[in-house]
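Enquirer: Take this structure first; my questions come after.
The values are calculated or read from the model by the stated rules, or taken from the named source; none is laboratory data. Since the structure is predicted, the reported quantities are computational estimates derived from the model, not experimental observations. Neighbour counts run over all protein chains shown; Cβ positions are idealised from the backbone, glycine included. Note: accessible area is taken over every heavy atom of the protein model, side chains too, but ligands, DNA and RNA are not part of it. Shrake-Rupley method; radii C 1.70, N 1.55, O 1.52, S 1.80 Å.
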Amino acid sequence: MGVVRVLSTDTIKAPKSNDKKIHLTPWDLQFLYTPSNKKGLLYHHPLVANQIQHLKYSLSSVLEFFQPLAGRLKITEHRDNIISCSIICNNAGVLFIHAAVENICVADILEPIYVPSIVSSFFPFIGASNYEGTSQPLLAVQVTELVDGIFIGCNVNHVVVDGNSLWHFINSWSEISRSSCHRQISKPPILERWFPNDIQHPVQFAYTMESQKNHSDGSNSSPSDNELNLSERLFHFKKEKILQLKSKFNTHIDSTIKVSSLQALLTHVWSSFVRSKKFDPQEEVHNMFLIGVGPRLHPPLLEGYFGNTIITCTVTMKAGELLKEGGVCDGACEMNKLIASYSNEKIKNHYESWLKNPNIIRLNDISNNNFLVISSSPHFDVYGNDFGWGKPVAVRCSNKVNGLVTVFAGAEEGSIDLQLCLPYNVLERMGNDLQFMNVVSN
């Protein structure tokens, strides 16, 4: 395939800054060691004159509302390797790259079932791990011209926002871009972080440069990744197939539990992964996923809360238990019960427990042969991002982590797309797994 050429690089700033300091919560700080979050949109529309300048202008306008993205992280040392971390809204700016690639059309990205390797070049680099946001931009945007389209790739520091907040920002940017009024958005963000009563902030916790070096997750090219021959494959599920799967699950489980469409689908994927990996029946396999806690609090966090509001949960079963007759329904039930258990009280206890025993996620510890890690959500509005030239035709990500499953809404209503990152031979086996592929629509 072609080579991406950088045509220009700029720093985009908000029209004005306020030097606000935003203290971070355990929900934010857990992502210090993980890679940044890369999401991108593909448009079947070639660039026209002044469009790059228009995107820069609308990006600057929207940063007036989302000033943390134009800031930098600040790590403050207190005593004996005890630190705190904040966002300084100093308007240091967002990286904006205009690039082009020859001989690559929209169809070359849209049609293959494996994500072409060049897609990773459509995303700008902002450091191997999120803690580098002290010196690197917290957000970078790359607009890459294809022969007959555009790819807008966003790379954001995961300490600053989760997927929900990232898409809130992109939705607002596209809203301003297509609007005649460049100073209004329909859902302003709430920038203040949530701290329960009598929780002191900034949060102080143990952190050393040595642990930072030892546990950095690195970028997309670690030796272990190369040894695994990681690939990314797309699986599309139509609404009708998902509903049939959900109905099948709920027919075979306790009537007091109602498995959701997404729970049924993700457990279906998990069982195919386990079959394709050919685990020993007694080996434990893990399905890790993220749940949003904002709506589960009493009172719930206001819509528009701008930051991380997710925690990790893991369902663990023996491979043989999952693959036995009815085992996949058991797996879905366990996922359902675990999610339902996160009450207001449990979430607050989890928050306070982190303060006593900080748990910073290290993907190197979980990115191994017996883990699936579920990220993103089909509820994010990805196809509503019309910058003034129509809706996107596809969404892609670039986070090459072994076992990562990224969930997106499909292009047609009610459908779901999954982007799986696994060794190529495992993905091929999944593609030949008739029990799994009977639900897949591509």
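Enquirer: Evaluate segment 393-402: report whether one residue or more is in a loop (DSSP other than H, G, I, E, B), farther than 30 Å from residue 85 by Cβ and touching a Lys or Arg at 6+ places or on another chain (Cβ under 7 Å).
Expert: no
Enquirer: Consider residue 147 carefully, then state whether it is hydrophobic (A, V, I, L, M, F, W, C) and under 15 Å from the mean Cα position of the chain (by Cα).
Expert: Taking the combined requirement at face value, the residue does not satisfy it.
Enquirer: Please go through (1) within 30 Å of residue 203 (Cβ to Cβ); (2) surrounded by 23 or more Cβ atoms within 10 Å (Cβ to Cβ); (3) under 17 Å from the mean Cα position of the chain (by Cα) for residue 128 and return the number of the only condition it doesn't satisfy.
Expert: (2)
Enquirer: Right, another one. Mind checking which residues of segment 272-321 are under 22 Å from residue 352 (Cβ atoms) and either assigned to a loop (DSSP other than H, G, I, E, B) or small (Gly, Ala, Ser) (or both)?
Expert: The answer is 292, 293, 294, 297, 298, 299, 300, 301, 302, 307, 308, 309.
Enquirer: Out of all the residues in segment 414-442, which are part of a loop (DSSP other than H, G, I, E, B), modelled with pLDDT of 95 or more and on the phi < 0 side of the Ramachandran plot?
Expert: 415, 432, 433, 438, 439, 440, listed by residue number.
Enquirer: Could you check residue 190 against (1) open to solvent by 50 Å² or more (accessible area, probe 1.4 Å); (2) more than 21 Å from residue 306 (Cα to Cα); (3) not aromatic (Phe, Trp, Tyr) and say which number it fails?
Expert: If we test residue 190 against (1) open to solvent by 50 Å² or more (accessible area, probe 1.4 Å); (2) more than 21 Å from residue 306 (Cα to Cα); (3) not aromatic (Phe, Trp, Tyr), just (2) comes out false.
Enquirer: Looking at residue 349, is it touching a helix residue (DSSP H, G or I) at 6+ places or on another chain (Cβ under 8 Å) and either assigned to a helix (DSSP H, G or I) or closer than 30 Å to residue 107 by Cβ (or both)?
Expert: no
Enquirer: Between a first residue in segment 1-24 that is small (Gly, Ala, Ser) and a second residue that is surrounded by 12 or more Cβ atoms within 10 Å (Cβ to Cβ) and assigned to a strand (DSSP E or B), which pairs have beta carbons less than 7 Å apart while being 6 or more apart in sequence or on different chains?
Expert: Pairs that qualify, where the first residue is small (Gly, Ala, Ser) and the partner is surrounded by 12 or more Cβ atoms within 10 Å (Cβ to Cβ) and assigned to a strand (DSSP E or B), are 2/101; 8/98.
Enquirer: Here are the criteria: (1) within 28 Å of residue 399 (Cα to Cα); (2) modelled with pLDDT of 95 or more; (3) surrounded by fewer than 19 Cβ atoms within 10 Å (Cβ to Cβ). Tell me which single one residue 364 does not satisfy.
Expert: (2)
Enquirer: Every residue in segment 408-422 that is in contact (Cβ under 8 Å) with a residue 40 or more places away in the chain and farther than 19 Å from residue 123 by Cβ, please.
Expert: Within segment 408-422, 410, 412, 413, 414, 415, 416, 418, 422 meet the criteria.
Enquirer: Could you please give the count of residues in segment 49-66 that are outside any helix (DSSP H, G or I) and open to solvent by less than 30 Å² (accessible area, probe 1.4 Å)?
Expert: 1
Enquirer: Scanning for something within 30 Å of residue 106 (Cβ to Cβ), basic (Lys, Arg) and open to solvent by 40 Å² or more (accessible area, probe 1.4 Å), does segment 394-410 turn up at least one residue?
Expert: Yes, segment 394-410 contains a residue that is within 30 Å of residue 106 (Cβ to Cβ), basic (Lys, Arg) and open to solvent by 40 Å² or more (accessible area, probe 1.4 Å).
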